[in-house]
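Student: One structure, as structure tokens, below. Some questions next.
The values are calculated or read from the model by the stated rules, or taken from the named source; none is laboratory data. The shown structure was predicted, so the numbers you read here are calculated from the model rather than taken from an experiment. Because the Cβ atoms are built from the backbone with ideal geometry, glycine has one as well, and the counts that use them run over all protein chains shown. Surface areas here come from the heavy atoms of the whole protein model, side chains and all, with no ligands, DNA or RNA. Shrake-Rupley method; radii C 1.70, N 1.55, O 1.52, S 1.80 Å.
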Amino acid sequence: MMKTAGQIAEIKQSLKQKGVEYCIGAYVDIHGVPKGKVVPIEHLPQMAAGSERYTGYALDGLGQLPNEDELTSVPDLDHIIQLPWEPKIAWMPADNHFQGKPYELNTRVALQNVLSQANKMGYGFNLGIECEIYLLKRDEDGSLSVPEKDNKLTKPCYDLQGFVDQFAWLDKVSTTINELGWDLYSLDHEDGNSQFEFDFNYADALTSCDRFIFFRFMAKHYAKELGLVATTMPKPFPDKTGTGAHFNMSLYDLKTGDNLFKHQAGSNDDPWGLGLSETGYHFIGGLLKHGRALCAAFAPTVNSYKRLVRQGAMSYFSWAPVFNSWGSNNRTNAVRVPAGGGRCESRNADGAVNPYLAATLALAAGLEGIREKIDPRQPNEDNLYAISEAERKARGIDFLPQNLLEAVEAFDSDPFVEATLGKALKDEFVKYKLQEWNSYHLHVSQWEIDRYSTIF
């Protein structure tokens, strides 16, 4: 919401009293990587009016040519974070504008557009993102490895020794999360060696996306302080679990704040007994209808599809979804309804996600499911990794895309994507992701040299 001159002056004065000397208006490119300029606090009023101009051609996915007028960035003054490790700097999520209007190729703007559609239907959109992340060291040859040499467990999930070994970093990240008011309620050693998960409270979707962008930035900073590398890369090791960023979603009533996905006792709108309302089931129906197209936004890199496998090089199942399916508290589905109901979880989202883009498409798909009363059909309760091809086909379950090219083709061919994002943003995403695929496809890897150079 735009602020008056008086409100901006009050914010400026408050920040100065806290020791802030500089402001960052952090918008993101198509990949969800934050960009921006640094402005002295005295120029906050000008910055808030869009004084900072950017050459869009210098950035990925903002759709400009060298001859075009610059973009501006307008900071969101309702979501300011004073950097805990450098309190002279205030971080402000920002939106790109073009010639005085919100810029349609900015993914944060796209999310706000779909949120407005939801608001007109009487809905707000709550989102919680589970933050999985590896803490690693960079070896002399440039490769990544686990910092603690004795962290070699085959199944290190919930391992307390591995947790305590990295407590200095975990404590810094956790303390910061709570000081920012995000309400950390759980953290643990995850399923990969030196992999961890931070779970903090859900919020409205825009706030949660802003927090996820800052989380990645903050976690990397604290790792560098210790001479380590924090990464949310989807699959840094072929034989270890990948890095998810599961989206936990629900709608709420704008007037009452009530959770509209929660089954109400005494009503008959929960045919599968999962604690979900009819609205929630229809939302899932929309997610599944467009599930293959959404996968490109949830899992947006070449590396993402090395995570979305049943087992791969691991000694046990990967936990990552392979099918465009749904079920109850069953982690082999792409969409599940956790115990207790009241929300649904998309499990194909990974740590490389641009959260604004993924949330935009997920919400739009869910709203379509509600409008069209799309039935998700019977939930899948068994281990989908182990079912036969005949059983899969009998249930009408499709595979999720199995590589980035397949995902981008599904994204490009679904009219829903262009209807939601507009042609320009859709085409930018497709262009950059096809470039990424082609670059990967043309690269000759060490694996190929080792395999083919001596036998042919």
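Student: Of all residues in segment 155-171, how many are closer than 30 Å to residue 79 by Cβ and either of a type in the set (Phe, Trp, Tyr) or within 22 Å of the chain's Cα centre (by Cα) (or both)?
Tutor: Count: 3.
Residues are listed down the side, and each one gets a yes or a no for (1) at pLDDT below 95; (2) open to solvent by 60 Å² or more (accessible area, probe 1.4 Å):
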site: 102; (1), (2): no, yes
site: 105; (1), (2): no, no
site: 115; (1), (2): no, no
site: 120; (1), (2): no, yes
site: 125; (1), (2): no, no
site: 140; (1), (2): yes, yes
site: 149; (1), (2): yes, yes
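Student: Looking only at segment 337-359, which residues are closer than 14 Å to residue 400 by Cβ and more than 8 Å from the chain's Cα centre (by Cα)?
Tutor: Once the filter is applied, which keeps residues that are closer than 14 Å to residue 400 by Cβ and more than 8 Å from the chain's Cα centre (by Cα), segment 337-359 yields 346, 347, 348.
Student: Do the conditions hold for residue 200, that is, is it modelled with pLDDT of 95 or more and either in contact with a Gly (Cβ under 6 Å, 6 or more places away or on another chain) or open to solvent by less than 10 Å² (accessible area, probe 1.4 Å) (or both)?
Tutor: No.
Student: On to the next question. Name the one entry in 223, 230 that is part of a helix (DSSP H, G or I), aliphatic (A, V, I, L, M) and open to solvent by less than 10 Å² (accessible area, probe 1.4 Å).
Tutor: 223
Student: Taking segment 164-179 only, how many residues are open to solvent by less than 40 Å² (accessible area, probe 1.4 Å), in contact with a strand residue (DSSP E or B) (Cβ under 7 Å, 6 or more places away or on another chain) and part of a helix (DSSP H, G or I)?
Tutor: Total meeting the criteria: 5.
Student: Can you report the number of residues in segment 242-274 which are in a loop (DSSP other than H, G, I, E, B) and open to solvent by less than 20 Å² (accessible area, probe 1.4 Å)?
Tutor: 5
Student: Of everything in segment 72-92 that's buried (at least 21 other Cβ atoms within 10 Å of the Cβ) and touching a Lys or Arg at 6+ places or on another chain (Cβ under 7 Å), which residue is farthest from residue 422 (Cα to Cα)?
Tutor: Here the answer is 77.
Student: Within the set of pairs 6 or more residues apart or between chains, which connect a residue that is farther than 12 Å from residue 131 by Cβ inside segment 208-237 to a residue that is of a type in the set (Ser, Thr, Tyr) and surrounded by fewer than 21 Cβ atoms within 10 Å (Cβ to Cβ) with Cβ atoms less than 8 Å apart?
Tutor: Pairs that qualify, where the first residue is farther than 12 Å from residue 131 by Cβ and the partner is of a type in the set (Ser, Thr, Tyr) and surrounded by fewer than 21 Cβ atoms within 10 Å (Cβ to Cβ), are 220/231.
Student: How about segment 1-13: which of its residues are in contact with a helix residue (DSSP H, G or I) (Cβ under 9 Å, 6 or more places away or on another chain) and either open to solvent by 50 Å² or more (accessible area, probe 1.4 Å) or not in a helix (DSSP H, G or I) (or both)?
Tutor: 2, 3, 5, 9
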